[in-house]
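As structure tokens, the structure follows; a few thoughts come after it.
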Amino acid sequence: MARYDAASIEPKWQETWREAGTFAARRDEGRPKYYVLEMFPYPSGALHIGHVRNYTMGDVIARHRLATGHAVLHPMGWDAFGLPAENAAMERGVHPGEWTYQNIAAMKEQFGRLGLTLDWSREFATCDPEYYGQQQALFLDFLDAGLVYRKNAVVNWDPVDMTVLANEQVEDGKGWRSGATVERRELTQWFFKISDFSEELLSALDGLDAWPDKVKTMQRNWIGRSRGLQCAFALVDGPEGHAEIEVYTTRPDTLLGASFVGISPDHPLARRLEEDDADLAAFNAECRKMSTAEEAMEKAEKNGYDTGLTVRHPFDPDWELPVYVANFILMDYGTGAIFGCPAHDQRDLDFARKYDLPVISTYAPAMGEEGTFILPENGGPAYVPPKTETVRYIKGFAGHEAQTGNDAVEAAIGVCQDKGVGRGVTRYRLRDWGLSRQRYWGCPIPVVHCDACGVVPEKKENLPVRLPEDVDFSKPGNALDRHPTWRDVACPACGAPAKRETDTMDTFVDSSWYFARFTAPRADAPTDAQDAAYWMNVDQYIGGVEHAILHLLYSRFFARAMHICGHLPASAVEPFDALFTQGMVTHEIYVTRDERDRPVYHLPKDVEWTESGARLGSTGEAVEVIPSAKMSKSKKNVVDPLEIIDRYGADTARWFVLSDSPPERDVEWTASGAEAASKHLARVFRIATEAADAPAEGADGADQALLREMHKTIHDVTVGIESFGFNTSVARLYAFTNTLSKSDAGRDARMRAARTMAQLMSPMTPHLAEEIWSTLGGEGLIATAPWPEADPAMLVDDEVTLPVQINGKRRTEITVPRDLDRAEVERRALDTHAVKKALDGNPPKKTIVVPGRIVNVVV
RNA sequence: GCGGGCGUGAUGGAAUGGUAGACAUAGCAGACUUAAAAUCUGCGGGCCCCGGUGCCGUGCGGGUUCGAGUCCCGCCGCCCGCACCA
């Protein structure tokens, strides 16, 4: 009897599939198409177990669809631009391109061992000039269509390294390399006009039925449509040209609770006032020494600076309110100015208490709902009920005394407009997408700056604008910008000497259309109309929930923009029909500190466990263990799946990552269990191949019992795969293995059951399945054999056991024919000893019979 | 801070509002074996006047329901995102 030997089986079948071209995607108008896509990886150089989980899930879907007769597109590529390559260049002196392509080669080899159904003929990396050249063509088309523009925006500036920092590179307000305090600096940058699509991107979410609700909710909140009032507070003795402050508020119903007006440190008035006020200039400078990350701003202590100016309340010219510059007001949102209503906003209340400003409630809980309510002016917290709740207005000026916040806001807007105080507006939180990056390793923005002509787009025939190879990474900053000659170019318009743009594109641009490029990866335009029409949309997109907002929103925008420019059909403006967000694989993090107390991360395989705790295997240095977090290259808490593949085979790794944890949930990686998965596959192989040696005649009824169980398994496993319940499919297959091993059925039934089991396992453990299939005389490749179908007649049992509850607690059970009518079920339940005893001769108060499920008797 | 999610035995987890703990891992006991490995069988939430038609039990506290792990409200803990990490 042959033993299960993954090391010999797996390469054999991989070779067979490769030679047969089993997984090459072909347009076939006679079949339904199915495009399954997992978010493509950053080529860190090492496949980690999170990748294995992610790509195995997609592979299960792809293999299942292949078996159900679909023309499947399952491509793979590399999200290859980005910071890590530049960091490697600075740390090790290796060129980012060389480093990246080496990593790609290494990872591709690792991918190859997993037995995935990938069509490698469509592979590309976003750093390939062929890809980013097409991306530059898209940029030029977007520019033509008015979807791109330039404006000033703030960046994190490291004054020592003289370079722009990513938010990730700012730690506690300091640059990660220099340790210098980071400042904000304004640069002219390129923007995509995603805000033009705010309403469209919001309302179209309603049609995405196969997206997780949580992702749609996050996107809705991110886009953040709000209805409010824009109105002006007239300045008393303001500087010239500053007659009033325009504010935006979503709570105009609280206008009579206003106690101050706050403006952003970047507000034009704040900038004007700091010219004459050194203290304010210092305050603003301090505010600008903050990371551009919104999170940092929200967490920072709320500070204000009293400008000494006052404004008049729009309803009462005698009511003057102080004007503060406040560090928590964003210039990017609304008008960069607010009025503060401390009674109904905790942040404003904290601010008012800090600067001794009045607190004026405009509403309080409705009559009869006061409970232990304390007015904020009497020391209570800010009263901020949901806008849907009915409250009682103390200082209302519009609508009823008792009304919901929503009604009050609309009424207030109406009254204000009638009075000529402001106007109702709809706003969105979503900001335009700044795509400029001051870095080398990205897609060059294909424009030229000419003294005479201004900003001139590069000619399409000159694309791609290639990155230069000879670059210097000995200094921080943009290596492209300091290249001696690359910038020098003739103006595409007038031919005079001009300078290339040295900013490159955000890597989110690269990943915002790769799914479309996969449909025609070698086309000499961004897409090919026929291929796009055939393959789009992505039927199933799979990736991490960490991409729930930015990547997915940007891709939705890009698909619309590409449609406007003629690169995608109208049917593809929502590019992902179904989305699944798989959980992350987490792992402990191991850290030591360098001489400047900065963290140095270590791979789990470099850490050894001794009695005295975790230590570095190489030096014995003690290692600090930080609790599990998302596996990331930067934290180095990654596990090498190759070790498992080397030891047990790819099928074991695949089986293991699919079992146990539900795919949408995070899973903590532990080494234990791989052994068990491997044993199980060996058992499956043995039980399946032994079926051929079974006696021709089985025990009475055993064939029928086995086949009945087989059909139930087909049903359950299929449902599991189609609903991303891979762990339950695996569990069901474990159970069926036990059934088969204990069965007394005859040879034919057992071989049939074993072949079916192999088919059901084939999406998860494809090599093992092929081996069993061929051993048991299956026809052709199991990869393309038609998926088994469950016979509905075999799924139902003749008798069912119903639990009988008394007052909701299970007390006994009855076994009845499946179709027994409700009244008879009730009669039999009431006839049980337990129920009769509980009733004690009295009639039941109520009896609930749920056919096929349960009986509940209320006494 | 704001937005979103998650929380069930020692462990991973199962459960259209209907028998909580399927399936598996670790563990324990047994069979086979000179022995080990492999394999097979069984046990497997807690408590107790422990074999009973017994009590408790799905992070904590309330609520809705004939019935709640599941729905609602309020907490606690952990995780993700916050626009220049990808």
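See the values below:
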item	result
Single unsatisfied condition, A:Met710 versus (1) in a helix (DSSP H, G or I); (2) closer than 18 Å to A:Asp651 by Cα; (3) open to solvent by less than 40 Å² (accessible area, probe 1.4 Å); (4) not small (Gly, Ala, Ser)	(2)
Residue check for A:Asp744: over 23 Å from A:Leu114 (Cα atoms), more than 16 Å from RNA strand B (Cβ to nearest atom) and surrounded by fewer than 18 Cβ atoms within 10 Å (Cβ to Cβ)	no
Flag if A:Asp332 is on the phi < 0 side of the Ramachandran plot, more than 14 Å from RNA strand B (Cβ to nearest atom) and open to solvent by 30 Å² or more (accessible area, probe 1.4 Å)	no
Residue within the range A:545-563 that is among the polar types (S, T, N, Q), open to solvent by 30 Å² or more (accessible area, probe 1.4 Å) and either within 16 Å of RNA strand B (Cβ to nearest atom) or in a helix (DSSP H, G or I) (or both) present	no
Answer residue from the range A:182-204, given it is among the polar types (S, T, N, Q) and in contact (Cβ under 8 Å) with a residue 40 or more places away in the chain and is nearest to A:Gly146 (Cα to Cα) among those	A:Ser195
Residue among A:Ser632, A:Ser618, A:Ser628 that is part of a loop (DSSP other than H, G, I, E, B), modelled with pLDDT under 90 and either of a type in the set (A, V, I, L, M, F, W, C) or within 16 Å of RNA strand B (Cβ to nearest atom) (or both)	A:Ser632
Qualifying residues in the range A:763-778 (those that are open to solvent by 10 Å² or more (accessible area, probe 1.4 Å) and in contact (Cβ under 8 Å) with a residue 40 or more places away in the chain) - the one farthest from the chain's Cα centre (by Cα)	A:Thr775
Subset of the range A:830-857 (residues that are loosely packed, with under 11 Cβ neighbours inside 10 Å and more than 9 Å from RNA strand B (Cβ to nearest atom))	A:Asp831, A:Asp840, A:Gly841, A:Asn842, A:Pro843
Among (1) free of Cβ contacts under 8 Å to residues at least 60 places away in the same chain; (2) part of a helix (DSSP H, G or I); (3) open to solvent by 60 Å² or more (accessible area, probe 1.4 Å) - the single one A:Pro695 does not satisfy	(2)
Residues within the range A:157-196 that are part of a loop (DSSP other than H, G, I, E, B), under 19 Å from A:Glu286 (Cβ atoms) and within 12 Å of RNA strand B (Cβ to nearest atom), tallied	1
Every residue from the range A:112-130 that is of a type in the set (Ser, Thr, Tyr) and either under 24 Å from the mean Cα position of the chain (by Cα) or assigned to a loop (DSSP other than H, G, I, E, B) (or both)	A:Thr117, A:Thr126
Answer from A:Leu760, A:Leu820, A:Leu781 - the residue that is modelled with pLDDT under 85, among the aliphatic types (A, V, I, L, M) and buried (at least 16 other Cβ atoms within 10 Å of the Cβ)	A:Leu820
Residue among A:Arg31, A:Arg27, A:Arg65, A:Arg18 that alone is of a type in the set (Lys, Arg) and surrounded by 24 or more Cβ atoms within 10 Å (Cβ to Cβ)	A:Arg65
Qualifying residue in the range A:37-56 (condition: open to solvent by less than 70 Å² (accessible area, probe 1.4 Å), of a type in the set (Gly, Ala, Ser) and within 20 Å of the chain's Cα centre (by Cα))	yes
Breaking point among (1) farther than 30 Å from A:Ser8 by Cα; (2) within 16 Å of RNA strand B (Cβ to nearest atom), for A:Leu768	(1)
Residue that is modelled with pLDDT under 95, more than 24 Å from the chain's Cα centre (by Cα) and open to solvent by less than 20 Å² (accessible area, probe 1.4 Å), where the choices are A:Glu91, A:Glu86, A:Glu109	A:Glu86
Top-ranked residue in the range A:198-217 [being among the hydrophobic types (A, V, I, L, M, F, W, C) and not in a helix (DSSP H, G or I); ranked as surrounded by the fewest Cβ atoms within 10 Å (Cβ to Cβ)]	A:Ala210
Residues (loosely packed, with under 13 Cβ neighbours inside 10 Å and part of a loop (DSSP other than H, G, I, E, B)) located in the range A:467-493	A:Glu469, A:Asp470, A:Asp472, A:Ser474, A:Lys475, A:Pro484, A:Thr485
Among residues of the range A:161-175, those that are within 27 Å of the chain's Cα centre (by Cα) and buried (at least 18 other Cβ atoms within 10 Å of the Cβ), counted	4
Tabulated pairs, the range A:283-296, first under 11 Å from A:Val154 (Cα atoms) and modelled with pLDDT of 85 or more, second within 11 Å of RNA strand B (Cβ to nearest atom) and part of a helix (DSSP H, G or I), C-beta under 7 angstrom, 6+ apart or interchain	A:Ala293/A:Asn167
All positions within the range A:797-812 that are near RNA strand B (Cβ under 6 Å from one of its atoms) and either within 28 Å of A:Lys712 (Cα to Cα) or at pLDDT 85 or above (or both)	A:Thr801, A:Pro803, A:Gln805, A:Arg810
Residue count for the range A:112-132, restricted to those that are surrounded by fewer than 17 Cβ atoms within 10 Å (Cβ to Cβ) and more than 15 Å from A:Glu38 (Cα to Cα)	4
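To keep it simple, each residue is scored yes or no on (1) modelled with pLDDT of 90 or more; (2) within 8 Å of RNA strand B (Cβ to nearest atom); (3) within 20 Å of A:Val585 (Cα to Cα).
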| residue | (1), (2), (3) |
| --- | --- |
| A:Thr652 | yes, no, yes |
| A:Leu681 | yes, no, no |
| A:Lys712 | yes, no, no |
| A:Gly725 | yes, yes, yes |
| A:Val730 | yes, yes, yes |
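The values are calculated or read from the model by the stated rules, or taken from the named source; none is laboratory data. Not measured: the values here are computed from a predicted model. We place every Cβ from the backbone using ideal geometry, glycine too, and count neighbours over all the protein chains shown. Only protein heavy atoms, including side chains, enter the accessible area calculation; ligands, DNA and RNA are left aside. Shrake-Rupley method; radii C 1.70, N 1.55, O 1.52, S 1.80 Å.
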